[in-house]
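Report on the structure given below.
No value in this document is a laboratory result; all are computed from the given coordinates. Keep in mind it's a predicted model, so treat the numbers as computed, not measured. Don't worry about glycine lacking a Cβ; one is built from the backbone with ideal geometry, like all the others, and counts go over all protein chains shown.
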Amino acid sequence: MTRDQRNPEADVETLPRQPFAHLSAPNAPMYRDVLMTFARARDRFIVHMRPEDVIADLGRPGETDEVVAALDKLVEWGNLRADPDTSRVTSVEDFHRARYLYQLTGAGQAAEQAIAVYEEAIGRRGSLQSVALADIAAQLRALAEMAGDPDPAKVHLLLLGLAERFAGLADNAQAFMASLRRVIDFADGDVDAFVAYKQRLIDYINRFIADLANRGAEIATVLVRIESAGVERLLLVAARREAADAVPDLPTGQEEAADAYEEAVAGSLNDWRNRWRGLRDWFVSADSRHPSQARLLRGAAVTAITQLIDTVAAFNERRSGRSDRSADFRTLALWFAEAPDDAAAHALWRAAFGLTPARHLTVTPDTIAEWDQERPSPNTPWREAPPVRISPQLRKTGSYERRGRPNRVADRAGQRQLLAAQAAREAAETGAARERLRTGGPVLLSALGTLDTRAFRLFLGLLGDALSARSPGDTEVRTTTGDGTMEIRLSLVPDGGTVVIPTEEGELRGPQHLVEIVDLTAARSRAGAA
């Protein structure tokens, strides 16, 4: 057998595989294009490819040598495997000529999958999936109905769907908050587009916050109900069904087979326990020091809205002419980069940072004439240089009085009145919302009536704080808002069904509760008056 007939992969079998080495190679774009060709072929269920197939897919008919060299290098790194191609041999010369069929190796395919996952994670924007919350709630309700008499197939499918939907919700929420942080950090690119985008983004986040407060409370309630009915049995059913599909080991005795099955069940059960714990911690708070992930996400979303508003305010201040130090320094850096020579850069430095002679020293004409006459060199020691003669008044008083009329003080009374009126209006609206929500005693949620926009948002915040502070298994909770202005007491009504609270922005649905809302500011005002 000649050298050309040997598999080039056989020469590198003893070398360690380096499937990621092509990423840092000088010709990395060519290697990536070749490997993407094999990835696309795999999607078309094509296993082997000849060099001419790769060239045709790449659309590079005149680069045969370059493509073949790239294929051989990828074989050397372990991304591809080369097998002799004898299917088209028609003569002795063809037999002795090197012809190979190439395919992805296991290491090469794993590397492609890893790179695809990395690129997807880096470029992922994420989203706040309100629909996922509804799906999770529906799947949990169906799972709760099976707690008494579980069907193994249905329980397993429900848990698989629940785990997949929840993982998507958590991953997308994390990616969205990260991408939102990048949007805020790099908002300087197109200010007008960002300002227009801001309101749609805030409405989107507000809608998710409302859905999270509504659906999150329902999900937490169903989770506690399933745990009370016995979640361990449901998880064990799914674990046993998964263990039944496990690949058996080498032939052993019945005892070893039974032990292997029980070990597989235990491993799968631990995995399901961990997933259930993650789902529970996402929606149910352990205590006030360990809030649920849903509550933390809601807080992060509210913080993001505040940051968006602050960013837009900074843009508006910049447009109105107010000083922005970061923007000034960026402009100055651009001027330094565009300076034609060092002398211009030095002049810009002196002008920007005030590296000029002391302004309080006035040089007299006699001093200037003396300097012109002597013209000391830059190397002259300061003791030997001509003196600077200053005014006797400066020496006596230490300052000059600027002559002329002083600058007029700007009258800001109008702006102060505008801000005071706006603050008073917002305080009055908030006070009216607190007065609207104050119950005067325990009432049913269904008796709250129609809520306007401000009262509804205040109520959502109260309801979210109460549900987050409620420990698992509790039916009553009492908590106070972070600013100490309101207190809410919430008690679950057994078999109360689902209630609907109409609002100007839609309907709020949830389990029936007894609620008592106290306006602490009004109570303190009455106590002070007494």
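Side notes on the structure shown:
- Packing rank of 493-505, 416-428, where each peptide gets the mean count of other beta carbons within 10 Å, highest leading: 493-505, 416-428
- Each residue of region 445-461 is assigned a 3J(HN,Hα), and the resulting list reads 4, 5, 8, 6, x, 6, 10, 6, 4, 5, 5, 5, 5, 5, 5, 4, x Hz, derived from the Karplus form 6.51 cos²θ - 1.76 cosθ + 1.60 (θ = phi - 60°), x at Gly and Pro.
- Peptides 337-348, 508-519 ranked from most to least packed, by the mean per-residue count of other Cβ atoms within 10 Å: 508-519, 337-348.
- Remark: region 13-77 projects, on average over all directions, an area of 4.7 nm² (convex hull of Cα atoms).
- Once both labels are positioned 7 Å from their Cα atoms along Cα-to-Cβ, the gap between R478 and N274 label points is 4.2 nm.
- Projected onto their three principal axes, the Cα atoms of region 424-492 cover extents of 42, 26, 19 Å, largest first.
- Under the Karplus curve 6.51 cos²θ - 1.76 cosθ + 1.60, θ = phi - 60°, whole-Hz ³J(HN,Hα) for region 64-70, x wherever Gly or Pro sits: 4, 4, 5, 5, 5, 4, 5
- Intensity falloff of region 410-530 expressed as log10 I(q)/I(0), Debye formula with alpha-carbon point scatterers, at q = 0.09 Å⁻¹: -0.32
- Applying the Karplus relation 6.51 cos²θ - 1.76 cosθ + 1.60 with θ = phi - 60° to region 20-34 yields 3J(HN,Hα) values of 9, 5, 5, 5, 9, 6, x, 9, 4, x, 4, 4, 5, 4, 5 Hz, where x marks Gly and Pro.
- Distant-in-sequence amide contacts of V499, defined by a placed amide H-H separation under 5 Å and a gap of 5 or more residues or a different chain, comprise G510, Q512.
- Amide proton proximity set for A25, modelled H, under 5 Å, gap of 5+: none
- Added length on full extension, which subtracts the Cα-Cα distance from 0.36 nm per residue, L160 to I309: 49.6 nm
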